[in-house]
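Taking it in order: structure first as structure tokens, then the write-up.
The values are calculated or read from the model by the stated rules, or taken from the named source; none is laboratory data. Keep in mind it's a predicted model, so treat the numbers as computed, not measured. All Cβ positions, glycine included, derive from the backbone under ideal geometry; neighbour counts span all protein chains shown. Side chains are part of the model used for accessible areas, which takes the heavy atoms of the whole protein and leaves out ligands, DNA and RNA. Shrake-Rupley method; radii C 1.70, N 1.55, O 1.52, S 1.80 Å.
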Amino acid sequence: GLLYIDESVPDLHELNETPDQALVKIPYEKLCPGSAALDKLQADFR
């Protein structure tokens, strides 16, 4: 089969703004900012 790649469209990592480094190397405090940040994030979706 053929695979068509449109390089003018951003890829999934660009759209989701994922970090360049591996998640395992990012400090826990940055990955899990605490319950207050989670509450604010959930409030944005209500």
Charge dipole of the chain about the Cα centre (unit charges at C-beta), most positive-ward option of 28, 13, 3: 28
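Please work out the average accessible area per residue across the chain, using the 1.4 Å probe convention, and give it in Å². List each step's numbers first, then the result.
Values: 4920 Å² over 46 residues.
Accessible surface, normalised per residue, equals 107 Å².
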Residue 6 accessible area, 1.4 Å probe, all protein chains in place, Å² to nearest 10: 70
Backbone HN-Hα couplings from phi across the stretch 2-12 [Karplus 6.51/-1.76/1.60, Hz, Gly and Pro as x]: 9, 10, 9, 10, 9, 6, 7, 9, x, 7, 4
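Counting every Cα pair in the chain, what percent are over 17 Å apart? Numbers along the way, then the final one.
Numbers: 633 of 1035 pairs.
Cα-Cα pairs of the chain separated by over 17 Å account for 61 percent.
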Helix 35-44 axis, angle to the chain major axis (alpha carbon atoms, nearest 10°): 60
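Let me spell out the model: positive unit charges on the Cβ of Lys and Arg, negative unit charges on the Cβ of Asp and Glu, origin at the Cα centre of the chain. What dipole size does that give, in debye rounded to 20? Don't jump to the answer; show the numbers that get you there.
On the way: 4 positive and 9 negative charges, 70 e Å.
Roughly 340 debye for the chain.
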